[in-house]
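Step one of this worksheet: look at the structure below.
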Ligand code: UD1
């Protein structure tokens, strides 16, 4: 059985990916420092899959602990989710973000190089494109100067991975995520935002649940059909499955370059108002919202051209926006 290390495996995307890995018969070992999730997620994964993944609470910034882990575990591939992800916070804590998102990446790759290990999947983001001139966004769109420290960590992360992959024969794939939403259909795992959510869907579900008084729609004067900004919202389970597809590509040596990158989205854009309307319709409720000014740093529109990912990864989305919005709401109702 192939053994896969999943860093950040108890986080939102990580936990859904661990479930899909176990469903596909991979042996999973998780490293998570529990800084932005709960150990309970481990039990939830076990309930869903009937199998408890091996778990290590390790702070990957401690280089020696990374080495010790690799000394004691024989690994066939790494899916690296562990990172900080709050755009606003990254501007106030740049060094923490560079350390956690980039030093750790280097440590992992050094251990892989030292042991001649292969197969590395990296969590990247559509944020590397910024506001593009042409939609949908293909992988050929240029990477623009990052707008945030967080975005910069993803850009530099890809550069590090590209150089290391070439020099040390570590085949790797960066997946550029669009906007992951929703929850596993069992609603035993989902998104667990700490404090006030910054992302749209958790803010919507918390507003519907009465935890937040009102949703603010950031801007209705964008150059879009209804004036609100457009994003490509992908069901987290579909996103999780893209990781299995990418991993299989590497394990089966189907990759064409030592470092590759793919867009992982649905190919369809939705405006904020479309999301609100769909959420109300699917879940049969009314949402309290008001239009306010734009949020600093937001772009008008981003949605993926997934042609290359569909073909090369032999992967496509299977779930709908309605599925995602329905599961997101059921997940919210499960929270105390
Ligand atoms: C943001 C980050 C992106 C990161 C992703 C991680 C920015 C500019 N981008 O994406 O780099 O990879 O989170 O999940 O921060 N909105 C509202 N009201 C709200 C919250 C959001 O109207 O209370 C709108 C936003 O203006 C945006 C859309 O909803 O148009 C989606 O926002 P969000 O969920 O925060 O994702 P992104 O900004 O696309």
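Summed over the range 221-260, the residues that are under 20 Å from residue 135 (Cα atoms) and either part of a loop (DSSP other than H, G, I, E, B) or under 14 Å from the mean Cα position of the chain (by Cα) (or both) give a count of 12. Among the residues of the range 283-295, those that are surrounded by fewer than 18 Cβ atoms within 10 Å (Cβ to Cβ) and in contact (Cβ under 8 Å) with a residue 24 or more places away in the chain comprise 285, 287, 288, 289, 290, 291, 292, 293, 294, 295. Of all the residues in the range 6-52, those that are out of contact with any helix residue (DSSP H, G or I) (no Cβ under 6 Å at 6 or more places or on another chain) and either without any contact (Cβ under 8 Å) to a residue 24 or more places away in the chain or more than 23 Å from residue 234 (Cβ to Cβ) (or both) number 15. Of all residues in the range 277-307, those satisfying the criterion of being more than 9 Å from the ligand (Cβ to nearest atom), farther than 19 Å from residue 141 by Cβ and within 23 Å of the chain's Cα centre (by Cα) are 278, 279. Checked against the criterion of being in contact (Cβ under 8 Å) with a residue 12 or more places away in the chain, surrounded by 15 or more Cβ atoms within 10 Å (Cβ to Cβ) and within 16 Å of the ligand (Cβ to nearest atom), the range 54-73 has no qualifying residue.
Elements of the type helices (runs of 4 or more DSSP H) sitting completely within the range 92-197 and holding at least 2 residues that are within 16 Å of the ligand (Cβ to nearest atom): these cover 94-98, 149-168. Within the range 185-221, the set of residues being in contact with a strand residue (DSSP E or B) (Cβ under 7 Å, 6 or more places away or on another chain) and in contact (Cβ under 8 Å) with a residue 40 or more places away in the chain comprises 201, 204, 207, 214, 215, 216, 217, 218, 220.
Residue 84 satisfies every condition listed in (1) assigned to a helix (DSSP H, G or I); (2) in contact (Cβ under 8 Å) with a residue 40 or more places away in the chain except (1). Among the residues of the range 316-329, is there at least one that is loosely packed, with under 13 Cβ neighbours inside 10 Å and free of Cβ contacts under 8 Å to residues at least 12 places away in the same chain? No, every residue in the range 316-329 fails to be loosely packed, with under 13 Cβ neighbours inside 10 Å and free of Cβ contacts under 8 Å to residues at least 12 places away in the same chain. With respect to residue 272, is the statement that it is surrounded by 21 or more Cβ atoms within 10 Å (Cβ to Cβ), near the ligand (Cβ under 9 Å from one of its atoms) and within 30 Å of residue 293 (Cβ to Cβ) true? Yes, satisfied.
Values quoted throughout were computed directly from the atomic coordinates according to the rules given, and no laboratory measurement underlies them. All values derive from a computational prediction rather than experimental measurement. Because the Cβ atoms are built from the backbone with ideal geometry, glycine has one as well, and the counts that use them run over all protein chains shown.
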